[in-house]
Structures are given as C-alpha cells and as structure tokens.
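Q: Below is the structure I would like to discuss, written out as structure tokens.
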Amino acid sequence: YAPSWGESALVLCVDVGFSMSNSGPGQEPPFEQAKKVIQKFVKRQVFAENKDELGLVLFGSDATKNNLAKDGQYQNIYVHRNLMIPDFGLLEEIQNDIHPGGQQGDWLDALVVCMDLLQNETLGKKYDRLNIAVLTDLDSPVSPDQLDIITGNLKRAGITLQFFLPFPMDTDEAGGGDVGGSGPPHGGKGLSREQQQGLDLVKQVMMSLDEEDGLDEVQTFSDAIEKLSVFKHVEKRPMAWPCTLTIGSCLTIKIVGYKAVCEERPRKSWSVVDAQTHQKEDVKRDVVYCVDDDEETEVPKDDTIQGFRYGSDIVPFSKVDQEQMKYKTDGKSFAVLGFAKQSLVVHHFMGNQILKVFAPKDDEHAGVALSALIRALDELKMVAVVRYVYARNGNPQVGAAFPCIKEKYECLMYVQLPFMEDLRQYTFPSLENNKKYTPSENQLSVVDSLIDSMMLVEENEDGEKKDLFKVNHIPNPQYQRLFQCLHHRALNPSAPLPPVEPWLITALQRPQAVAARCRAPLENMKKLFPLKEVVKKKELKTSKELFGKGDVYRTAVWKQGCLQNSCLEKGRSTEQLFRKGKVYRTVVWKQGGLQNNCLETGRSTEQLFGNREVYRTAVWKQGGLQNSCLETGRSTEQLFRKGKVYRTAVWKQGGLQNSYLETGRSTEQLFGNREVYRTAVWLQGELGFKS
C-alpha cells in the first residue's frame, strides 16, 4: 500500500430532509446518525492537521443556496461551506447550526451541485484526490433522466464517490436488514418504494464507476461511526535515510532506510496562554539569573556557563568544552562488524525506533546484492551485527540486522542492541529447592489450565491461526482521550469533561472469548491459592482528615495521644510543608497545652496579619505570654526597620528574649530566602527557637 501524500478535496453531501427524522420506537433517527458521522470525520481531520480541504452541502433544507439554483431547478440544496481546511469553527457549526429540514431533496441533484462546487473550487489547483460522500436514507423521489451524464462527468473529472446509508446494501423490500442496532427503516416496515428505487440507482452508479470494488464504497452509518471513533494520527511523509552498507573495505551496497516503528507524539504540545484572551503572544516569560546576595544582583546570560554536578562538587563546562566532547564521526554509517546466529541475539528493544533497510528503487545492482545478503542470512539463520550512525557527529549504535522476507518485499530489519550500561542484571533466589514454596501437582495443573485458557492465538478447524488481540490495531488510549477532551472543551468551554468512550474501554479489555474460557480456571486458582487479608494494627489519620478540606496539608503523626508533626522535627520550612503561596498556616502543638489562635479561629496568617509582606506574630495566651509588638500596636516593620520584613517580636514575659534580636541579625540573614521562614518549635510549655 502506497499512501497518497498530496492534498485532497472532499465534499460532504448530507440529507437533512424530513424523512431523515423518522425512526421506530427506541431507534436513533438517521439524521442523528448522519450528524455523528460527519462530526467524527471532521474531528479526525482537525486533529490529523493535514492540508485536505472540506466542503459541506445540505439537501432537503428549507433554504436554497447554490450556483445552479435557477429557473426552479436544484431547489432545497444549500452549500453550507465551500472548500477549506476544517477547523473547530466547522465542528461548532455542525453541532449548533445544522438541524433537520422540512423539505425533500433530490440526492442526484445534490450530487450535481457537489460536482460543480468541486470543479469551481479546485480550478487551477492541484489535488491528488477529489471525492464526494453522500449521507442519505434514499427516501425521497429522484429523477434518473441524467444518470448516465452524471456518471460520465464523475469519471472524466476523476471524482470518487461514497455512500453512507442507514441500512446495508443487501436489505430487501420485504424484511429490511441488520442496521447495526437501528433496525429496518421506519420501524421495521422494510424499504419504501423510493428507498428501493434509490438503492438500485446507487448500485448502478457505483458499479459503473468501479465494477469490481464499487459496492465496497457503500457503508452503513453504524459501521462508519465505529470506524471513525478512532482519532486519526498525524500523517507524516516517510523520510528516506540513504546510506551505504559496508562489509569490510571492498564490499559496498547502496541502501535506503525507513523507520518501521517510532513512538507517535502529538505534534503540538501544551503552551502557556493568557487566561482571558487565550493567546500565547499575550504572555511573555523572562529568565533572569541573580547572585544570591542582599541586592540580588542580576547576572548577564553571557556570564553564565553550564555546570555538571559530580558528587558534592560542580564541574564547570563551557560551550567550547561541550563541542569538543561530542563524538566525531565521518558521517553516516551502516557497517557490518560481523555475523552471529539469530538464536544468540536476545531481542532487546532499545532506543525508540526500528529501521527497515531496502535497496534504492532505481539501483538494480544494489537490489540484487542486498537480496543475496538477505536470503543468505535467512537460510543460515544468521544476523548481521552492525555499527549504525545516523548522521555526522551522531552517537554510534550497535545493532542487529535481521532478514525479513515478505510476499511483496524483502528487507533488513535493524534493531538497536544495548550497551553494557543499559543492561540490568537481577539475581533471585531459586524456588526449586525451597520446600516452603514448592507447588503441588494440583497447583501446577491449574496454572497450566489457566495459561491454556488465556491464549490469545487460537487455531480453527483448518489449522489457520487467528489473533484474538491484535495489538497493532489498538490505538494509543492516551491520545484518544486527549483528543476527545480537547474537542469537548473547544466546543463546550464550561461543561465538565466527558467520561472515556465505551469503545476505548472495551478495546483495552481481554477478549470476551478469553474471559469466558478462563472463568473456571480462575475459580480453581482461588481455591488452591488462598489469600489472607492482613489487617493493619492502627490506621494513621492525616492532617486533612483532622482539619477538613481546603489547602494542602501534610500528614501529621499521632503519637501517644498527642499531635506531633514529623516534618517540623526534620526542620523543613513552612513553604516546603504547605506550599500555599506566601500564606503559611501554623501547625497545632498540643503537647504542653500550647495552641495557636490562628487555627482556633480558623483564620489564616494572611487574614491575621494583613499585607502579605508584613506579618504580625500571633498571640500566645498560654501561661500569660503576650507579644509586645501587638501590645504596643506597632508592626514588625515599625519595630525592625532594617531591610523589608522581619519576623519575631520580643518576648518579655519571664525574661525570655529572642536571640537573633540580641545579635542584631535579621530573619533573612538567619533563614536565607526572604520568602521562606522557618517555624518556631514550642516544646512542653518552654519557649525554644530552632533556626
């Protein structure tokens, strides 16, 4: 399969006539199904970030808007959007502006309008593919007089055609058919005369466009919804890596490498934007380097260099040193160092890619030489051990090139091998000679039975193997969930995010056949391997449970009926403990009867002390102690004028004084960063300060 990497133009032609709103009891109307199809398709196109252009035409609408609407022809056909790259605006219009109409529209007339739109909008431009997708229930009268002309124009213009219907192609007039959960049209009455006529016309058109595979382009709404539920990954043009395979100094073969497996990542990452305008340009970030002194002197960026922490020291490394340290190579390399048996090469998957190596298409000699090497390796069950360098100054790798021979192509499959530092060696004690852990025959038997019942590959009567869990068909749930939430938030700014879609949860669960088979062995496992619940002696309560909801509280430890905070015992700051901006809450110490009024009243330090840069000290009433700062009504800034804001007032009761006021040192000098204050420790009724 060779994908087309050029741009394509597609017109969605959607029936919104009144018959699309008809449905049986408990069934979803065809209009809602068709709307889901176009929503999911447009979502895929938006997140795929390709350059394909999309148009939207409605027929059966109350209004008429198209270039061919003259002399009463092509009525009730509305060109909702001309060709352009799909965006969230189109998704919003589909969700809010497209509603069922009250008229009937001729889907053949709508097809002509779509052809006219494509030809006019693509004139003078180059597109690799032109396509029209018609979504209808075919329950409206059509005029087939111009059918041959329409089909001929589609062929000449190179326009491909797809149909999406609420029922499958093999639905007959009498009984309807399986509609993927929606039932036969009109509540089980089978196809109407118009639908049967329309279905015959669809078959005629599609067979005339492609006799072999034309009918494959006719699908049901339910099938399309299921297939379109998976968000489409960003299509990337495969980048060829031309190089030369060398064996010794004399033998060279021109090769081209392509990444076979590479981790997929979203093209655009998260950005910081203004909360009001949602524009990235309105937010600027400046990085400033300062000396750790009282003036916080700014250091120019040119006066800084990188440093590597080595133990407790930092080794400076300039840009010149970093450039000289880089590994120097002569350029790209794919040099065979030797050969080894495949059985000796453990399949360690290192790095983030697997490379498929081919011969260039236009080089016959290289193709013959590489094919001989591949077939020789396959016949001898050998691999080539290769030195691989992607580009000049790139770090070298050592890998194994396995022969890969398929029906349509053959190549070398390069897999990176680990270096000595990459390997992890683990040694575990043997279970064989330990009688305590020796399983019984019944236990071994039930484990074997469980493994057999959970095999994901099974054989049918003809001996053909069937994979029940195709990992390469499972989309990355992280990206599927990301795109689902981004789409929802873009269209619903204030609504809560939706739950994970059921199909994604189902895709990650074990297959139903396996789940049914392993039920009995699992019950036997429970009986032969009983588990006993170990109950904890005493549950520990957290400070959040003690103090209620609100900010982030660290866990407090209850010891012998009194509250002790282990974090404060370790000397960590309140900023490390609580991390709520510049507002720090105080822990309650009940040992010795001391309590903080701040927590008793439920007020924060900011509420108690006012301006966040001027902190007043709480009043401790236990033992009659009062803060002279609050007694005099003066702030800490008024008391201690040096610098900005300094913390502790003088305790005069009982002759206690703060040692750092006696020495004249500020809290900034004592504690470092001016925004990080250490917490005083009150111990058993005795005032003591630990810096």
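Q: If you check Asp137 against the conditions, is it more than 30 Å from Asn50 (Cα to Cα), modelled with pLDDT of 90 or more, within 43 Å of the chain's Cα centre (by Cα) and not in a helix (DSSP H, G or I)? Steps first, please.
A: Values: more than 30 Å from Asn50 (Cα to Cα): yes; modelled with pLDDT of 90 or more: yes; within 43 Å of the chain's Cα centre (by Cα): yes; not in a helix (DSSP H, G or I): yes.
For Asp137, the condition - more than 30 Å from Asn50 (Cα to Cα), modelled with pLDDT of 90 or more, within 43 Å of the chain's Cα centre (by Cα) and not in a helix (DSSP H, G or I) - is met.
Q: Counting only residues that are in a helix (DSSP H, G or I), modelled with pLDDT under 90 and not aliphatic (A, V, I, L, M), which one in segment 442-473 is farthest from Arg387 (Cα to Cα)? Can you show your working first?
A: Initial filter on segment 442-473 (in a helix (DSSP H, G or I)): 442-453, 471-473.
Remaining after also requiring modelled with pLDDT under 90: 471-473.
Next, from what is left, pick out any that are not aliphatic (A, V, I, L, M): 472-473.
Numbers: Asn472: 29, His473: 33 Å.
Looking at residues that are in a helix (DSSP H, G or I), modelled with pLDDT under 90 and not aliphatic (A, V, I, L, M), I get His473.
Q: On to the next question. Tell me whether segment 158-171 contains one or more residues that are under 30 Å from His488 (Cα atoms) and either surrounded by fewer than 20 Cβ atoms within 10 Å (Cβ to Cβ) or outside the structural domain of Asp15 (by TED's automatic domain parsing) (or both).
A: Within segment 158-171, the subset under 30 Å from His488 (Cα atoms) is 162-167.
Of the ones still in play, those that are also either surrounded by fewer than 20 Cβ atoms within 10 Å (Cβ to Cβ) or outside the structural domain of Asp15 (by TED's automatic domain parsing) (or both) are 162.
So far as segment 158-171 goes, yes, one or more of its residues are under 30 Å from His488 (Cα atoms) and either surrounded by fewer than 20 Cβ atoms within 10 Å (Cβ to Cβ) or outside the structural domain of Asp15 (by TED's automatic domain parsing) (or both).
Q: Do we have Leu54 as under 30 Å from Tyr479 (Cα atoms) and over 27 Å from the mean Cα position of the chain (by Cα) here?
A: Numbers: under 30 Å from Tyr479 (Cα atoms): yes; over 27 Å from the mean Cα position of the chain (by Cα): no.
No.
Q: Arg44 passes all but one of (1) of a type outside the set (A, V, I, L, M, F, W, C); (2) in a loop (DSSP other than H, G, I, E, B); (3) at pLDDT below 90; which number fails?
A: The number of the failed condition is (2).
Q: Taking the options Gly338, Gly331, name whichever one is in contact with a strand residue (DSSP E or B) (Cβ under 9 Å, 6 or more places away or on another chain), assigned to a strand (DSSP E or B) and either of a type in the set (D, E, K, R) or surrounded by fewer than 13 Cβ atoms within 10 Å (Cβ to Cβ) (or both). Lay out the reasoning, then the answer.
A: Values: Gly331 fails: assigned to a strand (DSSP E or B).
After ruling out the rest, the residue left standing is Gly338.
Q: Given Tyr258, Tyr289, which one is modelled with pLDDT of 85 or more and within 30 Å of Lys361 (Cβ to Cβ)? Walk me through how you get there before you give the answer.
A: Values: Tyr289 fails: within 30 Å of Lys361 (Cβ to Cβ).
Answer to the selection: Tyr258.
Q: Something else about it: Please specify each residue of segment 480-513 satisfying the condition of being farther than 17 Å from Lys227 by Cβ and not in a loop (DSSP other than H, G, I, E, B).
A: First pass over segment 480-513, keeping only residues farther than 17 Å from Lys227 by Cβ: 481-482, 485-500, 505, 508-513.
Selection gives Arg481, Leu482, Cys485, Leu486, His487, His488, Arg489, Ala490, Leu491, Ile505, Gln512, Ala513.
Q: Report yes if Lys36 is in contact with a helix residue (DSSP H, G or I) (Cβ under 6 Å, 6 or more places away or on another chain), among the charged types (D, E, K, R) and at pLDDT 90 or above, otherwise no. Write out each step before concluding.
A: Values: in contact with a helix residue (DSSP H, G or I) (Cβ under 6 Å, 6 or more places away or on another chain): yes; among the charged types (D, E, K, R): yes; at pLDDT 90 or above: yes.
Yes: the conditions hold for Lys36.
Q: So which residues in segment 232-291 are of a type in the set (S, T, N, Q) and either within 22 Å of Gln45 (Cα to Cα) or within 27 Å of the chain's Cα centre (by Cα) (or both), if there are any at all? Before the answer, list the steps.
A: First pass over segment 232-291, keeping only residues of a type in the set (S, T, N, Q): 244, 246, 249, 252, 269, 271, 276-277, 279.
Result: Ser269, Ser271, Gln276, Thr277, Gln279.
Q: Something else now. Can you tell me which residues in segment 445-457 are over 13 Å from Ala516 (Cα atoms) and either within 32 Å of the chain's Cα centre (by Cα) or not assigned by TED's automatic domain parsing to the domain that holds Val514 (or both)? Walk me through how you get there before you give the answer.
A: Narrowing segment 445-457 to residues over 13 Å from Ala516 (Cα atoms): 445-449, 451, 457.
Scanning segment 445-457 gives a single hit, Val457.
For every residue, the table says whether it meets (1) out of contact with any helix residue (DSSP H, G or I) (no Cβ under 7 Å at 6 or more places or on another chain); (2) basic (Lys, Arg); (3) assigned by TED's automatic domain parsing to the domain that holds Arg387; (4) within 24 Å of Tyr390 (Cα to Cα).
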site	(1), (2), (3), (4)
Ala260	yes, no, yes, yes
Thr277	yes, no, no, no
Asp302	yes, no, yes, no
Gly307	yes, no, yes, no
Lys332	yes, yes, yes, yes
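Q: Taking the options Arg375, Arg387, name whichever one is surrounded by 12 or more Cβ atoms within 10 Å (Cβ to Cβ) and either at positive phi or not in a helix (DSSP H, G or I) (or both).
A: Working: Arg375 fails: either at positive phi or not in a helix (DSSP H, G or I) (or both).
Going through Arg375, Arg387 in turn, the sole match is Arg387.
Q: Kindly provide the set of residues from segment 384-421 that are modelled with pLDDT of 85 or more and among the charged types (D, E, K, R), ordered by number.
A: Arg387, Lys406, Glu407, Lys408, Glu410, Glu421
Q: List the number of the failed condition for Val134; all other conditions in (1) surrounded by fewer than 17 Cβ atoms within 10 Å (Cβ to Cβ); (2) closer than 24 Å to Gln33 by Cα hold.
A: So the condition that Val134 fails would be (1).
Q: Take the conditions part of a strand (DSSP E or B), within 36 Å of the chain's Cα centre (by Cα) and farther than 30 Å from Ser192 by Cα and apply them to Leu130. Does it pass?
A: Details: part of a strand (DSSP E or B): yes; within 36 Å of the chain's Cα centre (by Cα): yes; farther than 30 Å from Ser192 by Cα: yes.
Yes: the conditions hold for Leu130.
The values are calculated or read from the model by the stated rules, or taken from the named source; none is laboratory data. Owing to the predicted nature of the structure, the values given are computational and were not obtained by experimental measurement. Ideal geometry is used to build each Cβ from the backbone, glycine not excepted, and the neighbour counts take in all protein chains shown.
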